[in-house]
Every structure is written in C-alpha cells, then in structure tokens.
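Notes to accompany the following structure.
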Ligand SMILES: [Zn+2]
C-alpha cells in the first residue's frame, strides 16, 4: 500500500495545563502532561440539561508540585488520545 499522508502518532500528544480547576484549589503550576500522566476513571455526573445522572469519563493527573489531583476538561483531549488512555 502507498501512504499518501502519514497519520499522526497520538502517543506523542501533550497538553499544557495549569494546576487549578473548579472543584479544588490548585497551586497554579504550569505543567505539560502527556498520555502516561493521565488517569482515566468512569463515574456518574449530574447532567443539568437532562436532570439525571449520566455515565461520564474523567481524565485526571496528579500535580507534581502540590500532589493534588486535577481533572482535565475532556474537550481538551482529542478522541484518539482518549481511546489510547481508555485501553490501558
Ligand atoms: Zn499543583
């Protein structure tokens, strides 16, 4: 087969994040997380639009500066990266 355009290697994906979120206070450190840093968990989340609990995926990492757990907005993680993280 002839490769017309090479696909991206999503294992190289990184994201710049700040240590802060809405649920917990953070130390404000600016960090670069990669796929290995992110933990995937499943849980329930209240859906305000539907007024019920829905299954949700959570992506979190531990800040190396303050040791607290931070959640990453899942919209910032490409689907290809989510698939890699979920399969681990
Ligand atoms: Zn921190």
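The values are calculated or read from the model by the stated rules, or taken from the named source; none is laboratory data. Because the structure is predicted, anything quoted here is derived from the model rather than measured. Don't worry about glycine lacking a Cβ; one is built from the backbone with ideal geometry, like all the others, and counts go over all protein chains shown.
Annotations for the structure displayed:
- With respect to being at pLDDT below 95 and not in a strand (DSSP E or B), residue 43 falls outside the description.
- Flag for residue 49 being at positive phi, assigned to a loop (DSSP other than H, G, I, E, B) and more than 12 Å from the chain's Cα centre (by Cα): no
- Residue match in the stretch 15-28 (condition: in contact (Cβ under 8 Å) with a residue 24 or more places away in the chain and assigned to a helix (DSSP H, G or I)): no
- For residue 15: the one exception among (1) out of contact with any helix residue (DSSP H, G or I) (no Cβ under 8 Å at 6 or more places or on another chain); (2) within 16 Å of the ligand (Cβ to nearest atom): (1)
- In the stretch 59-88, residue nearest to residue 27 (Cα to Cα) [restricted to those that are away from the ligand (no atom under 16 Å from the Cβ) and surrounded by 15 or more Cβ atoms within 10 Å (Cβ to Cβ)]: 59
- Residues being assigned to a loop (DSSP other than H, G, I, E, B) and touching a strand residue (DSSP E or B) at 6+ places or on another chain (Cβ under 6 Å) - total across the stretch 64-76: 1
- Subset of the stretch 16-25 [surrounded by 16 or more Cβ atoms within 10 Å (Cβ to Cβ) and at pLDDT below 90]: 21
- Residues satisfying the stated conditions in the stretch 1-42, i.e. closer than 13 Å to residue 60 by Cβ and over 15 Å from the mean Cα position of the chain (by Cα): 23, 24, 26
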